[in-house]
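Chemist: This is the structure I have questions about; it appears just below.
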Amino acid sequence: STMPRFSVLTVMPALLVVAVAFFVKYYPWEEHTDLRKMVDWNATWGTSEGRKESFRVAVDSADLDDLQRRILSARIAPTRMAGDSEEDAWAYGTDGEFLRDLQTRWAGKYLSKWTSEIEPALNEHPQYTAVVQGLRLHFQYAKTQKKGAPTILLIHGWPSSVVEFSALIPLLANDPTTPFNVIAVSLPGFGWSEAPSKKGFGLPQAAVLLVQFMRQMFPKTKYLIHGGDWGALIANAMAQLAPEDVKGIHVTWMIEMLPMHRIIESLGVSVHGLVSAG
């Protein structure tokens, strides 16, 4: 009689299933997927100190002049080739003619209106800065006159800023039926909020920072959160970290973030089914 012959391709699927099953069973998933166990509530990300301060956007004229010079001195490379149609203008990068028009409008019409129109618009809502976990954060706060009104925290994404909420804030704060106390915070490194000066600042740390920000600036307040893009992910994480504070979230970016062990389990089932079918 002859011995059965086994090839590597025959045994590899079975070994893979065993390895995945062992990994799923004994890996400390809870330690690496439970946000509460992944964060340090006492971490500091900068060295700033101080109390809450009022804030207004005020750009020095010398800075505006310097910006204008730098915009106008930028050299724009041609991107259109001979015979290109309008549809081909973006085939090799940003259309040079479009960029040249943007350059002219930015350095001219836009900057000429900065002091008279743009800065006043940016200062329409009350603004403040406050130090949380060593970072000075910028935020806008529109408080309604109605007692007991709900509070909502607005979190922007990337690339963006609290300016995207300029039209939304008065609609929420002045709603005749259900007005809100509205807080719009600039994420670290965006707008007038300080960027972390240490490594290791990511999504869970941003969520902790904003939970601490709300507890420090608005103690004992239960609140709603709206977030888009990165703001949506941070809102989700905040709800997991502080369910006793967060009453609900509204997001404009839906993404299902499965714990890794669920993904591995699904993979294991798929491989097992494939081996069985073979």
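Chemist: Take residue 84 and tell me if it is among the acidic types (Asp, Glu) and at pLDDT below 90.
Modeler: yes
Chemist: Hey, any hits in the stretch 197-209 for a residue that's under 14 Å from residue 152 (Cα atoms), modelled with pLDDT of 95 or more, open to solvent by less than 80 Å² (accessible area, probe 1.4 Å) and not basic (Lys, Arg)?
Modeler: no
Chemist: For the stretch 221-239, check the following and say yes or no: at least one residue is open to solvent by 60 Å² or more (accessible area, probe 1.4 Å) and out of contact with any helix residue (DSSP H, G or I) (no Cβ under 9 Å at 6 or more places or on another chain).
Modeler: So far as the stretch 221-239 goes, yes, one or more of its residues are open to solvent by 60 Å² or more (accessible area, probe 1.4 Å) and out of contact with any helix residue (DSSP H, G or I) (no Cβ under 9 Å at 6 or more places or on another chain).
Chemist: Count, please, the residues in the stretch 46-69 that happen to be touching a Ser or Thr at 6+ places or on another chain (Cβ under 8 Å), exposed (fewer than 10 other Cβ atoms within 10 Å of the Cβ) and of a type outside the set (Gly, Ala, Ser).
Modeler: Within the stretch 46-69, residues that are touching a Ser or Thr at 6+ places or on another chain (Cβ under 8 Å), exposed (fewer than 10 other Cβ atoms within 10 Å of the Cβ) and of a type outside the set (Gly, Ala, Ser) number 0.
Chemist: Also, quick follow-up: Residue 115 - would you say it is more than 30 Å from residue 179 (Cα to Cα) and either in contact with a Cys (Cβ under 6 Å, 6 or more places away or on another chain) or of a type in the set (Val, Ile, Thr) (or both)?
Modeler: It is true that residue 115 is more than 30 Å from residue 179 (Cα to Cα) and either in contact with a Cys (Cβ under 6 Å, 6 or more places away or on another chain) or of a type in the set (Val, Ile, Thr) (or both).
Chemist: For the stretch 210-220, name all the residues that are buried (at least 16 other Cβ atoms within 10 Å of the Cβ) and farther than 20 Å from residue 127 by Cβ.
Modeler: 211
Chemist: Which pairs turn up if I take residues in the stretch 180-207 that are within 27 Å of residue 122 (Cα to Cα) and look for partners that are among the acidic types (Asp, Glu) and open to solvent by 40 Å² or more (accessible area, probe 1.4 Å) with beta carbon separation below 8 Å, at least 6 apart in sequence or on another chain?
Modeler: From the stretch 180-207, the pairs are 188/194.
Chemist: Can you tell me how many residues in the stretch 56-65 are without any contact (Cβ under 8 Å) to a residue 12 or more places away in the chain, within 30 Å of the chain's Cα centre (by Cα) and outside any loop (DSSP other than H, G, I, E, B)?
Modeler: Of the residues in the stretch 56-65, 1 are without any contact (Cβ under 8 Å) to a residue 12 or more places away in the chain, within 30 Å of the chain's Cα centre (by Cα) and outside any loop (DSSP other than H, G, I, E, B).
Chemist: Can I ask one more? Could you tell me which of the residues 93, 148 is more than 27 Å from residue 194 (Cα to Cα), within 27 Å of the chain's Cα centre (by Cα) and free of Cβ contacts under 8 Å to residues at least 40 places away in the same chain?
Modeler: Result: 93 is the single residue among 93, 148 that is more than 27 Å from residue 194 (Cα to Cα), within 27 Å of the chain's Cα centre (by Cα) and free of Cβ contacts under 8 Å to residues at least 40 places away in the same chain.
Chemist: I'm trying to understand the selection: among the residues of the stretch 164-190, which are within 12 Å of residue 136 (Cα to Cα) and surrounded by fewer than 18 Cβ atoms within 10 Å (Cβ to Cβ)?
Modeler: 189
The values are calculated or read from the model by the stated rules, or taken from the named source; none is laboratory data. All values derive from a computational prediction rather than experimental measurement. Quick reminder, even Gly has a Cβ in these numbers, built from the backbone with ideal geometry, and neighbours come from all protein chains shown. We work out accessible area using only protein heavy atoms, side chains counted, and drop any ligands, DNA or RNA first. Shrake-Rupley method; radii C 1.70, N 1.55, O 1.52, S 1.80 Å.
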